[in-house]
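Here the structure is laid out as structure tokens; the discussion comes afterwards.
The values are calculated or read from the model by the stated rules, or taken from the named source; none is laboratory data. Please read these numbers as outputs of a predicted model, since none were measured by experiment. We place every Cβ from the backbone using ideal geometry, glycine too, and count neighbours over all the protein chains shown. In case anyone asks, the SASA skips ligands and DNA or RNA and just uses the protein heavy atoms, side chains included. Shrake-Rupley method; radii C 1.70, N 1.55, O 1.52, S 1.80 Å.
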Amino acid sequence: MIYLCNFKHKKTKTLKMRTLEAFALSLFLVFLVKWVNSDSNSLPGRDQFLSCMSTHSDSSFKNPKSFIHNPDSRLYADFSQSLSQNYNFLSLNFTSQKPIMIVTPRTESEVQRSLLCSRKLGVQVRTKSGGHDYEGLSYLSLDSPFIILDLVNVRSIDINLADETAWVGAGATIGELYYKIAKFSEIHGFPAGTCPSVGVGGHFSGGGFGAMMRKHGLAADNIVDARFVDANGRIYNSRREMGEDLFWAIRGGGAASFGVVVSWKVKLVRVPEKVTCFTRYLPFTQNMTKIVHRWQHIAADFEADLFIRVIIYNSGGSVQATFQANYLGGIDKLIPLMNQKFPELGLRVQDCSEMSWIDSIMYFNWKKGQPLETLLDREQRYNDLYFKAKSDFVKNPVPEIGLEGIWKRFHEVESPMMIMEPLGGKMYEIGERETPFPHRRGNLYNIQYMVKWRVKDIGEMEKHVRWMRLLYRYMSVYVSGSPRGAYLNYRDLDLGMNRGVNTSFEDARLWGFRYFGSNFKRLAMVKGKIDPTNFFRNEQSIPPLVV
């Protein structure tokens, strides 16, 4: 997953849209009425949860109060502040979205007991790693009363250079993982995202785009083992114990649908001594459309060591493009390659910088020259308060006239952005059924659309979300179809939502095939085996299919 945490830079609705929005609104109102009419005193509270947790004989439960947080706690108050920055909370601002309590377990046994007590008391669980879920499904709920299982204290990282692996706690961030690797080795890295504060729990289990994916694949492609707790509190200490079907499902299918991954074992990759990065800014006047059009034809065919993404944005009323690259090698090899394959960009030696792999992470996060300890900051977020995002996969280059239609629409709002990330290389070598992530060979690049706004106002939200939906509609003729692909880690509730605990496989096909293609059925069958009662559920969780 590629996030732009700190990016810097020099009206008619279809029937389908109306139907989806009307369904969503009616669903929210049902939940609201259901909540308002319920007896809040009947909901389980901290005392009941503490009592349940304290029945455990393990010595670690002598003081469960230390990791169970009520609404009057400082941790809960901090959470509420961050919650208010999600646009869904702005549009659906009612009490049922807030958790009864937040649980921050430190060990597998505390995770286990938290799940057992939640089931006993009849509350749902939302598992939070870094809290970057685009639609807030790791900390919001429109269904039953719920607790948040925040894995912030399950974040140990153990590096084993002998076999070039690392065990990573699911509550760690990718920045913490990168920092730890760099402290141990100058020749190892890991292919994951560019935003350091993203939690590995969601990032890995949703796939995990990154600047080395053309060389080494997704983060999920480099997971070799995991520890997992199911809805019955059973702890699976290895891939062997959980079986290949479940292990397959949690590496790209969204682990929160199946249980709680406590830790991941990843395979480290070798990185060269020198990595070359460049950022090339193109104003609209400098043949921007033709150069972006040319990029579409060649970006997926470059040698796997080279990753060039394109970021389109509106800067002061003018649409611009930024070409940002990561090359696993030196300038001496990159310049001849670019002159041969992509001379239109006009890359010069002075545009490029050689650095270590870990410094390239800082470069891609727009923090070149800052201390590596910046990677440990878990609070990095978008500078703007609210945003709405969507995604697409492109199989054939968008024609120049299609690109110009995008640029025209980018003048209609303040902060639109489109990030185009090339596939090819290793991404084409891995089959579409080897993991739940199916968007492999045949796809040229992924698009992440985003629009941001600062004002906490329903009118502003509706304006920007409407603009995003219209852009998405415009792009329909230029992107993949049958189904139109989407990326789970750029979650989008516009694609469809579950109808609660009884959502059927057929109901969920609406959105499931967008993310997973034909893998969706296998995911639902795995769900039917590991969680047949659908305890782990959210508005876009995999429904159980029992055959």
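Values as computed for the structure displayed
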quantity: Residue within the range 217-229 that is among the charged types (D, E, K, R) and in contact with a helix residue (DSSP H, G or I) (Cβ under 6 Å, 6 or more places away or on another chain) present; calculated: yes
quantity: All positions within the range 379-425 that are over 18 Å from A486 (Cβ atoms), touching a strand residue (DSSP E or B) at 6+ places or on another chain (Cβ under 6 Å) and among the polar types (S, T, N, Q); calculated: S415
quantity: Boolean, E432 is within 22 Å of the chain's Cα centre (by Cα) and among the acidic types (D, E); calculated: yes
quantity: Filter pass, V275 being open to solvent by less than 60 Å² (accessible area, probe 1.4 Å), farther than 24 Å from Y490 by Cα and in contact with a Pro (Cβ under 7 Å, 6 or more places away or on another chain); calculated: no
quantity: Total residues in the range 249-267, condition open to solvent by 10 Å² or more (accessible area, probe 1.4 Å), under 23 Å from E164 (Cβ atoms) and not in a strand (DSSP E or B); calculated: 1
quantity: Of all residues making up the range 418-453, the number that are under 25 Å from Q320 (Cα atoms) and among the hydroxyl-bearing types (S, T, Y); calculated: 2
quantity: Residues (surrounded by fewer than 19 Cβ atoms within 10 Å (Cβ to Cβ) and part of a strand (DSSP E or B)) located in the range 281-317; calculated: Y281, P283, S315
quantity: Any hit, the range 451-474, residues being open to solvent by less than 30 Å² (accessible area, probe 1.4 Å), in a helix (DSSP H, G or I) and of a type in the set (F, W, Y); calculated: yes
quantity: Residue tally, condition of a type outside the set (A, V, I, L, M) and either open to solvent by less than 30 Å² (accessible area, probe 1.4 Å) or assigned to a loop (DSSP other than H, G, I, E, B) (or both), over the range 333-350; calculated: 3
quantity: Selected residue (only one of G528, G481 is open to solvent by 20 Å² or more (accessible area, probe 1.4 Å) and either among the basic types (K, R) or over 19 Å from the mean Cα position of the chain (by Cα) (or both)); calculated: G481
